[in-house]
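The values are calculated or read from the model by the stated rules, or taken from the named source; none is laboratory data. Keep in mind it's a predicted model, so treat the numbers as computed, not measured. Here the Cβ is made from the backbone with ideal geometry for all residues, glycine too, and neighbour counts use every protein chain on show.
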């Protein structure tokens, strides 16, 4: 095939398509999210399950309070005796958006476990916007705000950041960047912690 006197080859079409994809990936939050979600679905970005040797000293969870959309305060220190899944995220963050389906699936699997609490925190502290975003996507997990009161020991400013606090109030899992939290090993890890 010829276009403007030049022969079009498969190689030329492939290179042009690749350039278009890269440009779109750089500028499109939706495309980045879609690509990351696809990679999660085929097994990439599985969270590592921490192995804590006997006698290892774990850091206690610091004081943290978050707020629900209706203004109710939730204190992390009052959650001792429960496993707490904390995820710091924002609606504009492609890696955050990519892992939200897995967090929702984890929540749906574990929400009836009385020993597990979910505290996903919108770091922009714009609860009306983040609640609407979650509702529009069909996600059912709750969202909390509290940007000004977030301790650096839990949230260093990188999103997404996910932590798990055990029933004794110790940080047993800390992962910065995206991950597939509906991974079977991670679900079993959470269930195991809830039985300790």
Discussion item. Would you confirm whether or not the stretch 75-90 contains a residue that is under 21 Å from residue 137 (Cα atoms), modelled with pLDDT of 90 or more and out of contact with any strand residue (DSSP E or B) (no Cβ under 6 Å at 6 or more places or on another chain)?
Written reply: yes
Worksheet item: So residue 177 clears everything in (1) crowded, with 18+ Cβ neighbours inside 10 Å; (2) within 18 Å of residue 92 (Cα to Cα); (3) in contact with a helix residue (DSSP H, G or I) (Cβ under 8 Å, 6 or more places away or on another chain) except one condition, right? Which one?
Response: (1)
Discussion item. Filter the stretch 91-116 down to the residues that are crowded, with 17+ Cβ neighbours inside 10 Å, under 15 Å from the mean Cα position of the chain (by Cα) and not in a helix (DSSP H, G or I) and list them by number.
Written reply: 91, 93
Worksheet item: Here are 70, 122: which of them is in contact with a helix residue (DSSP H, G or I) (Cβ under 7 Å, 6 or more places away or on another chain) and farther than 17 Å from residue 179 by Cβ?
Response: 122
Discussion item. Can you tell me which residue is surrounded by the most Cβ atoms within 10 Å (Cβ to Cβ) among those in the stretch 183-193 that are in contact with a helix residue (DSSP H, G or I) (Cβ under 8 Å, 6 or more places away or on another chain) and at pLDDT 90 or above?
Written reply: 186
Worksheet item: What about residue 155, is it in contact with a strand residue (DSSP E or B) (Cβ under 7 Å, 6 or more places away or on another chain), part of a loop (DSSP other than H, G, I, E, B) and crowded, with 16+ Cβ neighbours inside 10 Å?
Response: yes
Practice prompt. Identify the single condition in (1) touching a strand residue (DSSP E or B) at 6+ places or on another chain (Cβ under 9 Å); (2) surrounded by fewer than 18 Cβ atoms within 10 Å (Cβ to Cβ); (3) closer than 21 Å to residue 72 by Cβ; (4) at pLDDT below 90 that residue 142 does not satisfy, given that it satisfies every other one.
Written response: (4)
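Select from the stretch 158-174 the residues that are exposed (fewer than 14 other Cβ atoms within 10 Å of the Cβ) and either under 23 Å from residue 92 (Cα atoms) or within 13 Å of the chain's Cα centre (by Cα) (or both) and list them in ascending order.
Within the stretch 158-174, 158 is the sole residue that qualifies.
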